[in-house]
Amino acid sequence: MKIIAFASGSGGAGKSVTAAYTGVALAKEGKRVLLMEMGASPRSQDVILGLAGQSLFHIRDFLDMACDFDSLVCQSAAQPGLSVVLGPPAGLTRPIDGDSLSTLLSNVPDTYEYVLLDSVDFTLVPPSLVDTVLVVAEPLTLSIRSAATLVAALEDAGAGNMRLIINRVPAEILPMRDVGDFDDVVDMVGARLIGVVPESRKLCYAANNTERLADDSITPQVYRRIARRLLGHNEPLLIR
């Protein structure tokens, strides 16, 4: 079972949407995937993946011993093979630390091949608990700087495999200070590039309105490449 965490140096970079569509793409590759919302912000995966009203319990209920683990899990009707554990509707009042995450992971059935952790707080969780950290950054100077700070902190904490996803890339990137192209972003952040997700009004609408993107649109193809690269395939980047 591989544990993949999604993180960013600042809020609003698109971690939750990235986690959701990466989960969908891995499931389309035939993998059994469990996506767990870990952040302190209000839940979003129920909207993104169409899971509203499917679970009476959330991740903190299990940690407070109010339910068993099976009661947490929602099955995605839109994507067989993808299951989700939701966070509380209004966000966590007590963040999930390393001990709590260890408890959660020890209860995940070994039938799952991939566990995706949406919005891990690495000030509370040691990176040694995960196999890969996918750092999500926008092509904006402050987002890139924040991502670089996060990567440096994770390296100091002993993180192993870190990969970069550059999210919401417009068709024409405006000039940024000290940044000329994607190679400069990679150099500044200090993590290997695994995907470049183009800016998409269709994706924004779908993620906020529980709608499915057409498989022939660019965004699902980009996430399929990301998933296949995570699986070890030699896939070229798809940018446009």
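Things to note:
- Candidates are the residues of segment 63-106 that are surrounded by fewer than 16 Cβ atoms within 10 Å (Cβ to Cβ) and of a type in the set (Ser, Thr, Tyr); the one that is nearest to residue 47 (Cα to Cα) is 71.
- Remark: pairs (first residue in segment 70-93, over 18 Å from residue 32 (Cα atoms); second residue outside any loop (DSSP other than H, G, I, E, B); Cβ separation under 7 Å; 6+ apart in sequence or on different chains) = 87/37; 87/59; 88/60; 92/60.
- Take the conditions (1) surrounded by fewer than 17 Cβ atoms within 10 Å (Cβ to Cβ); (2) aliphatic (A, V, I, L, M); (3) at pLDDT 95 or above; residue 142 misses just one of them, which is (3).
- One residue stands out in segment 207-227 among those that are more than 17 Å from the chain's Cα centre (by Cα) and closer than 13 Å to residue 48 by Cβ: the one that is surrounded by the fewest Cβ atoms within 10 Å (Cβ to Cβ), namely 209.
- Meets criteria (without any contact (Cβ under 8 Å) to a residue 24 or more places away in the chain and either in contact with a Lys or Arg (Cβ under 8 Å, 6 or more places away or on another chain) or not basic (Lys, Arg) (or both)) for residue 64: yes
- If the condition is being hydrophobic (A, V, I, L, M, F, W, C) and assigned to a loop (DSSP other than H, G, I, E, B), then segment 55-92 contributes 56, 57, 65, 66, 67, 77, 78, 86, 90, 92.
- Residue in segment 50-63 that is within 25 Å of residue 136 (Cα to Cα), of a type in the set (A, V, I, L, M) and in contact with a strand residue (DSSP E or B) (Cβ under 8 Å, 6 or more places away or on another chain) present: yes
- Check on residue 190, out of contact with any Phe, Trp or Tyr (no Cβ under 6 Å at 6 or more places or on another chain), at pLDDT below 95, surrounded by 14 or more Cβ atoms within 10 Å (Cβ to Cβ) and closer than 14 Å to residue 37 by Cα: no
- Scanning segment 21-47 for residues that are part of a loop (DSSP other than H, G, I, E, B), among the hydrophobic types (A, V, I, L, M, F, W, C) and more than 11 Å from the chain's Cα centre (by Cα) yields a single hit, 40.
- Number of the condition not met by residue 197 [criteria: (1) in contact (Cβ under 8 Å) with a residue 24 or more places away in the chain; (2) open to solvent by 30 Å² or more (accessible area, probe 1.4 Å)]: (2)
- Residues of segment 17-40 classified as at pLDDT below 90 and either under 19 Å from residue 223 (Cα atoms) or surrounded by fewer than 17 Cβ atoms within 10 Å (Cβ to Cβ) (or both), total: 1
- Of the residues screened, residue 121 is one that is at pLDDT 90 or above, within 30 Å of residue 212 (Cα to Cα), within 17 Å of the chain's Cα centre (by Cα) and open to solvent by 40 Å² or more (accessible area, probe 1.4 Å).
- Matching residues, segment 109-158, being polar (S, T, N, Q), outside any helix (DSSP H, G or I) and within 25 Å of residue 231 (Cβ to Cβ): 111, 119, 132
The values are calculated or read from the model by the stated rules, or taken from the named source; none is laboratory data. Computed from a predicted structure; not experimentally measured. Heads up, the Cβs are rebuilt from the backbone with ideal geometry, glycines too, and the neighbour counts pull from every protein chain shown. Side chains are part of the model used for accessible areas, which takes the heavy atoms of the whole protein and leaves out ligands, DNA and RNA. Shrake-Rupley method; radii C 1.70, N 1.55, O 1.52, S 1.80 Å.
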